[in-house]
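Comments concern the structure below.
The values are calculated or read from the model by the stated rules, or taken from the named source; none is laboratory data. Computed from a prediction, not measured in an experiment: that's the story for all the values here. Ideal geometry is used to build each Cβ from the backbone, glycine not excepted, and the neighbour counts take in all protein chains shown.
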Amino acid sequence: MPKLPNKLIPPMPDKTMPKRTVLTAIWYDPFGSMSQTTEEQIAADIDYYEKDYGPLDGKIKLNTYTVRGAHEIKPGTELVLFDYGGCGLGNNLMAENSRAVLQYALDNPSVLIIVISHFTYYSSLKLDMEDRGLDSVPNIMEHSDNMGIPPDWWLNGTEPVAVPIEKCAL
């Protein structure tokens, strides 16, 4: 087999490149999903985000802790994974927690909030944003937005350049 010139040989990836560690609050309801307990759901979500070909491209390690509300989120937290859909029937817990996570996002624009549950996002959080006259909030994304890939500003560790977008009055 002929030997390729060095300039044609692709460089080997640097396996020693340290991963960025991100302090991550897990704010999930205590009821889990229809097929998993809360603990199983958290483990699966962490694995999904940390895997080599996941939305974070294997470049980020999540340093996680669980919270029951915004008041428990530690200073220095960069990411909040939020899912309160299991508490949506027969009580007001999903709505209360959605309002609290929305206020937290507005007060902490450098913290990315990923809403894991499509149901939570569209049945509660999106409605809360609309009630406040907001079309979108730059640091809140639904789990499947942009194929689950966080915005560039967050991946690069910078502040978002956008501000919450208010709805136009007709």
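Take the conditions surrounded by fewer than 17 Cβ atoms within 10 Å (Cβ to Cβ) and of a type in the set (D, E) and apply them to E72. Does it pass? For E72, the condition - surrounded by fewer than 17 Cβ atoms within 10 Å (Cβ to Cβ) and of a type in the set (D, E) - is met. The residues on offer are L127, L62, L81, L102, and the sole one that is loosely packed, with under 15 Cβ neighbours inside 10 Å and outside any loop (DSSP other than H, G, I, E, B) is L127. The C-beta contact set for region 65-77 (first residue outside any loop (DSSP other than H, G, I, E, B), second residue at pLDDT below 95, distance under 8 angstrom, 6+ apart or interchain) comprises T66/Y28; T66/I42. Only residues that are touching a strand residue (DSSP E or B) at 6+ places or on another chain (Cβ under 9 Å), assigned to a loop (DSSP other than H, G, I, E, B) and either among the aromatic types (F, W, Y) or at pLDDT below 95 (or both) were counted across region 109-124, and they come to 2.
Within this structure, L93 fails the test of being aliphatic (A, V, I, L, M), closer than 23 Å to L155 by Cβ and touching a residue at least 24 places away in the same chain (Cβ under 8 Å). Taking N146, is it on the phi > 0 side of the Ramachandran plot and outside any loop (DSSP other than H, G, I, E, B)? The answer is yes for N146.
Identify all residues within region 27-59 that are under 15 Å from the mean Cα position of the chain (by Cα), of a type in the set (D, E) and crowded, with 16+ Cβ neighbours inside 10 Å; write none if there are none. Hits for region 27-59 are D45, E50. It is to be established whether one or more residues within region 151-158 are in contact with a Leu (Cβ under 9 Å, 6 or more places away or on another chain), at pLDDT below 95 and of a type in the set (D, E). No, every residue in region 151-158 fails to be in contact with a Leu (Cβ under 9 Å, 6 or more places away or on another chain), at pLDDT below 95 and of a type in the set (D, E).
Would you check if N91 is in a strand (DSSP E or B), surrounded by fewer than 17 Cβ atoms within 10 Å (Cβ to Cβ) and out of contact with any Pro (no Cβ under 7 Å at 6 or more places or on another chain)? No. Under the condition of being loosely packed, with under 13 Cβ neighbours inside 10 Å and over 16 Å from V22 (Cβ atoms), the residues counted in region 145-160 number 2. Scanning region 2-44 for residues that are touching a Ser or Thr at 6+ places or on another chain (Cβ under 8 Å), modelled with pLDDT of 90 or more and either closer than 22 Å to W154 by Cβ or among the hydrophobic types (A, V, I, L, M, F, W, C) (or both) yields L23, T24, A25, I26, W27, Y28, I42.
Taking every residue in region 126-151 that is farther than 22 Å from P55 by Cβ and pairing it with any residue that is in a helix (DSSP H, G or I), at least 6 positions away or on another chain, the pairs with Cβ-Cβ distances below 6 Å are D128/S98; D128/R99; D128/L102.
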